[in-house]
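Here is the structure we will look at.
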Amino acid sequence: MPTAEQYLQPEVLARVSRFDLKAKFLIEGFFSGLHRSPFKGFSSEFSDHRKYVAGDDTKDLDWKVYARTNKFYIKRFQAETNMECHLVIDASASMGYGTLGLTKLEYATYVAAALAFLVVSQQDTVGLITFDDAIRAVLRPKSKRKHVIRILKVLNDTKPGKQAHVSELLHKVAGMIDKRGLIVVMSDLLDEPQDVLDAFAHLRYGGHEIIAFHILDQAEAQFPFSSARKFQDVESGQTVIADAGSIRAEYLRALEDFVGTYRSELYKQHIDFFSIDTSTSFDKALMAYLLKRSGR
Amino acid sequence: MPAFANFLNPALVWLAVGALAPIIIHLAARSRPKLTPFPAVRFIMISHRRTATKFRLKQLLLLLLRIAALGLFAFVVARPWVEGTPGDVRHAQATVTAVMVLDTSYSMGYRQDKSSSFEKAKEMALAAIGAFTVGESRACLVLAGDTPQPVLKDFDHAFDLAGLKSRIEETPLTWRGSDCTAAVKEAVRMLDGVSGAGKSVFLFTDLTACSWPGPVPAGGEDADEDVTIYVADAGPEEPLNPAVLAVESPDNALSGAPFEVRPRVDAVGSPGRQVELVIDGTVRDRKVVGSQRVEAVQLKASVTGRSPEHWGRVSLTGEDALPADNDRFFTFRSAAPVRAILVNGAPSAVRRRDELLYLRTALAPKGMAAGRLAEVAELGPADIESFEPRDADVLVLCNVGAISSAAWTRIRHFVSTGHGLMIFGGDGVRPEAYQMVSSGDTPLLPYAIGPARTPAEPTHLEPGLLKHPVLAKFRGGRNGDLAGARFTTYNRLEPGDEGAEIVLAYKNGDPALVAGRYGTGRVLVFASSCDADWNTLPREIPYGILIHESLRFLAASGKETRDVLVGSAPDVRITSAESAQSVTVARLPNGVPLDAAAWLDRRTGRLNLPAVDEPGAYRVEVGRGADKGAEEMFFAVNVDTAESDMERLPGGDEAVRSLLPGRTVKIARSPAELLDQVSRSRSVSEVTSHLAGIVLAILLAEMYLSNRLRTRAVGAEQAE
């Protein structure tokens, strides 16, 4: 039986059949890993003091109190509870592509489920929006654990839909979210980059913090094909015959340009951009959220 | 032109069709690309646009490399050779299957710059052989005489190049002519059916026009056309070859009487040289010749003594580049006066009316002792049946009307045994009496004697070209004009025997004097009378000469010339064959006698000598015992003066190529040039190796390009 940390690997997690268990194992694995990480006292604000006992970390000593009282007190933190987190999942047809026994959409839903658990455990509210060619599911942010169950159920039921224009849907999402919060977008972003960037700017205009997960399948990221093939676009049905071996270098270069454009332009908009593929360990995605959350 | 002019294995060129294999494989193995659903097609399209042209070019280059490799491979195995740039010929080595053809005709003895054409030809032949690869090349040898003579003809044992060199070095020059057409044809025939690299014929000759009677046929469908012919020209560029071309000598000289020998001399470029006449080893006459191309010379001599057999030689004296044709030998006989029996068909007591009046006068002219020219006896027609053939050389029938069958039988026997018969027409001649001997399978008379004809106007003789020996003394306008006599009447002569010839004719075309042969004897028929009844000839100067020459011509019947050309066997008949005790043959003047008794056929008297290869006068001596003495006779052997004509093939190299149609012909005029030509055939291996190198380079390029494409694909597959 895999250890908790091994569930962070997509191929291991894929063996788990129940979706709720997938999310649970993922979170357990994630937190198990955190014991050896420097992340402590994250996402919390000062609450009160208690007396120092042996074994406490001296860095949490409140030196001002010590100056006044000449006694050692440890600072205690209180979690922030007023952050809304919106998980925006691209469920278009292209997200249904996967070559490792795991589609991009499945990868996104696993990350989203784990994030939902994580957010609620931080006493924040978490909501969910899925879309393909239109908005398919909307769950308003709440902090109840039952709400997480609902989110998991929706995610579990989410299947790849039709061809999506990510930019258009992001514009719609921007119009749906009033309160400032954290928006986590999970998509392959296979649209015109400038349109998508405009949509992100629209989101950013609302004052939201944004994390963009650019999810690619490993085959998309590495293009491991050879010989002549007839490639068919999974959304538009458009085909092209090409010798995969001979175009691989150019493909990777074009992909790099594509990703680079997002990375540089979104950075300018203070949007965190993470390009990952389906072979990437889940903790990297979750860590990205925590890094963002800790910076608030 | 560095083109693939020839292949050692031309049949394998068809393998070049294999160059189409990559195209066929490409078309046949072209499969429908696998359908692959993919989300990021937008990047593929971008990449495809950027790489499609480059990729197609690489694929095309790969295809071309494969086609080139396969195509050139076919050329490699077909072993092409090209005419490359002459290189260091000292080390040139060529693998050949060759026939060396060496012209051994006597014209090759022409000396220029201290060496003869034959020596130069040998030098070139040895140089060419030196360029052949030892152990791989094979070469046979054909000597190009008047007939081709293969001396080394087994290709299975033709690897001994050293032996071939020795054989060529030892080959002597001959006195014969040459037929290069036949020799090359024979050489090509020898190469037919022989498998081997570099099939070649090497001809070493002087390129005289007379050696090429015609072109060498290109060969039939099965003939091997892949034969390169190297023509090594060893002859002088501008030869001058004075020579004695021919000699007209008498068959039968009258003992004690002067006779003429008329050589024709090619005296070009040698003014002031002398022509001398030697009879029986003694110089009898000399003449200085000019510098004409063909000059007729008159030399005079006479013979006396008891021996009837004589030999002579006409020589062009002085230094000569080709002395082989400066001597011309001949034989002749001297005889006692002709013994003629005149049969008078119209005798008359009145002398001036006698039929034989003018004939007797002609045979015994005033001022000449009786019997000097001819010993004449006269008979009546009735006495013919009883005349003794041994007592006469010639029988002359003068206006004889009727002759009995027995008489004809005797006459037939007389003529067939080598005697002569002359018939004159006249008013007493009855054509029917001659009918029996002018018809049948073997007519005695060459023409049938017809009835008398009297033209409306008297006619004259048409001497024409005076070709016949009987008319020899009238040539050049000498001894009177035969055309001066008028002929009022003559017997018509109707064509009979196919072998007959008209010696003289009338201006109206009717035959006047005809000649024929019967057995070993000769027959002359004069259509008009021997007296002045029907013509005025007996009163003209030419009459006596014509009678004398006719009788001498007839008296020489049965004594055929024994003069032959080099390479032929003389026809020597020995009259005392049955009593011969020894027969020897010796070349004059100092040849060692050769015992020839074994060649004597005692039944026929024929001496079956083999072909004689050395010119000269030869003496045949037949020993008949101490009491009977020895019989002596001569025969002469001469070179064929056709070979004396050193005129080179007009038109140069093109003329040579036109004589060898449909073949690759290379012409060289020096050992170095021939070596250069041969060295180009060295390219047989060099071109092959170079081509193989190119194929290897192409394969390496193909492997690199293919591997580069494959590496990219394999890398991608591993990632997949």
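No value in this document is a laboratory result; all are computed from the given coordinates. The structure displayed is predicted, hence computed values, not measured ones. Using ideal geometry, Cβ is built from the backbone for each residue, glycine included, and neighbour counts are taken over all protein chains shown.
Across the stretch B:180-191, computed HN-Hα scalar couplings (Karplus, 6.51 cos²θ - 1.76 cosθ + 1.60, θ = phi - 60°) run 5, 4, 5, 5, 5, 4, 5, 5, 5, 5, 5, 7 Hz from first to last residue, x flagging Gly and Pro.
In straight-distance terms, cross-link reach from A:K230 covers every one of the aspartates and glutamates whose alpha-carbon lies under 20 Å from its own, apart from those fewer than eight places away in the same chain; here that gives A:D217, A:E220, A:D243, A:E250, B:E717, B:E720. Each Lys and Arg contributes +1 and each Asp and Glu -1, all at the Cβ; summed about the Cα centre of chain B, the dipole is approximately 2820 debye.
Between the stretch B:412-428 and the stretch A:81-107, the C-alpha centres lie 142 angstrom from each other.
Net charge dipole, the stretch B:243-330: roughly 220 debye, given to the nearest 20, about the Cα centre with Cβ charges of +1 for Lys and Arg and -1 for Asp and Glu.
Taking a straight Cα-Cα cut-off under 30 Å and skipping sequence neighbours fewer than 8 places away in the same chain, the lysines within cross-link reach of B:K185 are B:K120, B:K122, B:K153, B:K165, B:K199, B:K666.
Only Cα pairs under 8 Å and 6+ residues apart enter the sum, and on that basis the relative contact order of the stretch B:591-667 stands at 18 percent. Other residues whose C-beta falls under 10 angstrom from the C-beta of B:F424 contribute a net charge of -2, scoring Lys and Arg +1 and Asp and Glu -1. Couplings for the stretch B:455-470, taken from phi via the Karplus curve 6.51 cos²θ - 1.76 cosθ + 1.60 with θ = phi - 60°, read x, 4, 10, x, 10, 10, 7, 10, x, x, 8, 6, 6, 5, x, 4 Hz in order; Gly and Pro are left as x.
Between the amide H of B:V303 and those of B:G256, B:A257, distances stay under 5 Å, these residues lying 5 or more places away or on another chain, with hydrogens modeled in the peptide plane. The residues B:T104, B:T36, when put in order of fewest to most other Cβ atoms within 10 Å, stand as B:T36, B:T104.
Near B:R313, once Lys and Arg are set to +1 and Asp and Glu to -1 for all other residues with Cβ below 9 Å from its Cβ, the sum equals -1. Exposure proxy ranking for A:W63, B:W175, based on other Cβ atoms within 10 angstrom of each Cβ and starting from the fewest, stands as A:W63, B:W175. Distances between placed amide hydrogens fall under 5 Å for B:D251 paired with no residue 5 or more residues away or on another chain.
Using the alpha-carbon atoms, what tilt in degrees (0 to 90, nearest 10) does helix B:161-170 show relative to the longest principal axis of chain B? Taking the Cα atoms of chain B, the angle to B:161-170 is about 20 degrees. Helical runs assigned H by DSSP (4 residues or longer) give chain B a calculated mean residue ellipticity at 222 nm of -8000 deg cm²/dmol, each run adding -39500 (n - 2.57) before division by the residue total. Counting neighbouring Cβ atoms within 10 Å and putting the fewest first, the residues B:I403, B:I694, B:I46 line up as B:I694, B:I46, B:I403.
Applying the Karplus relation 6.51 cos²θ - 1.76 cosθ + 1.60 with θ = phi - 60° to the stretch B:402-417 yields 3J(HN,Hα) values of 10, 9, 6, 4, 4, 5, 5, 4, 5, 5, 4, 4, 4, 6, 5, 8 Hz, where x marks Gly and Pro. Backbone amide hydrogens, once placed in the peptide plane, bring B:G521 within less than 5 Å of B:G418, B:H419, excluding anything fewer than 5 places away on its chain. Most simply put, the protein assembly as shown has about 55% antiparallel DSSP beta bridges, counting only bridges with both residues inside it.
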